[in-house]
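S.K.: Please read through the structure below; I'll follow up with questions.
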Amino acid sequence: MTGNRRMVMVDDDLWEEARDLAEELSALRSRRFSISTLVRRGLRLAIDQWRETPRWEGPFPQGEPWVGFDLDGTLAHYEEGYAVEEFIGPPIDIMVDILQEYLKEGMNVAIVTARVSNPDLMPRAQILIEEWCTLHLGKMLPVTCRKDFGMVVIYDDRAKQVTRNTGRLVEDYAILGREDL
């Protein structure tokens with residue numbers, strides 16, 4: 001990793017801790033501990049880990065506003081059947097232009113994609129996304145699979161916008177041409 005890039009990566013310390021836990025559980029198992037004992041011990045360790053983990057996991061420092069852009073089908077062309085672990089489609093120019101405008105305005109922008117939601121596929125996905133961003137956006141952007149309270153808007157091909165606190169779809173207003181729904 002070069003420069004001051006923010007990336008979603010698996011922390012080396014976390015991998016080491018996971019390996020140590022796996023070895024410890026394996027050692028316990030070899031001493032004929034019951035599965036329930038192993039599960040309870042593993043659960044206790046997981047709860048302790050959770051309690052020690054900071055809750056903020058957004059792509060930007062807590063409280064900073066940011067705009068999210070979905071990757072597949074929004075920033076990049078996507079067709080069913082693509083091998084998502086090996087390929088990202090070509091850019092959708094109009095969405096890239098909108099993203100670039102946010103960057104010019106100094107807004108924080110992140111890629112929001114399910115590609116990094118699977119820990120087993122995340123390292124390869126991260127490399128693909130970094131290469132795609134560098135080639136088509138001119139820089140790497142933070143990548144996440146989560147939204148948080150700092151996200152002010154998301155561009156996504158699967159989302160439906162709902163008017164806050166009403167349960168009404170924004171498209172209903174547009175279709176009916178009424179503001180009083």
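S.K.: What ranking do 134-147, 87-100 get when scored by the average of other Cβ atoms within 10 Å per residue, highest first? Walk me through the intermediate numbers first.
M.R.: Values: 134-147: 16.3, 87-100: 14.5.
So the peptides 134-147, 87-100, ranked by packing, come out 134-147, 87-100.
S.K.: Each label point is 7 Å from the Cα along the Cα-to-Cβ direction; what then is the distance between the points at ILE127 and GLU105, in nm?
M.R.: In this crude label model, ILE127 to GLU105 measures out at 3.6 nm.
S.K.: Using only the alpha carbons of segment 66-155, determine the length spanned along each of the three principal axes and report them from longest to shortest in whole angstroms.
M.R.: If we take the Cα atoms of segment 66-155, the spans are 34, 27, 21 Å.
S.K.: Further question on the same structure: Given the peptides 159-165, 60-66, arrange them by the average over their residues of other C-beta atoms within 10 Å, most packed first. Could you put the intermediate results ahead of the total?
M.R.: Values: 159-165: 10.0, 60-66: 13.7.
Result, highest mean Cβ count within 10 Å first: 60-66, 159-165.
S.K.: Once you put a point 7 Å from the Cα of VAL162 and another 7 Å from the Cα of ALA114, both along the Cβ direction, what distance in nm separates them?
M.R.: In this crude label model, VAL162 to ALA114 measures out at 1.9 nm.
Values quoted throughout were computed directly from the atomic coordinates according to the rules given, and no laboratory measurement underlies them. Everything numeric here is computed off the predicted structure, so don't read it as measured data. Counting neighbours? That spans all protein chains shown, and the Cβs are built from the backbone with ideal geometry, glycine included.
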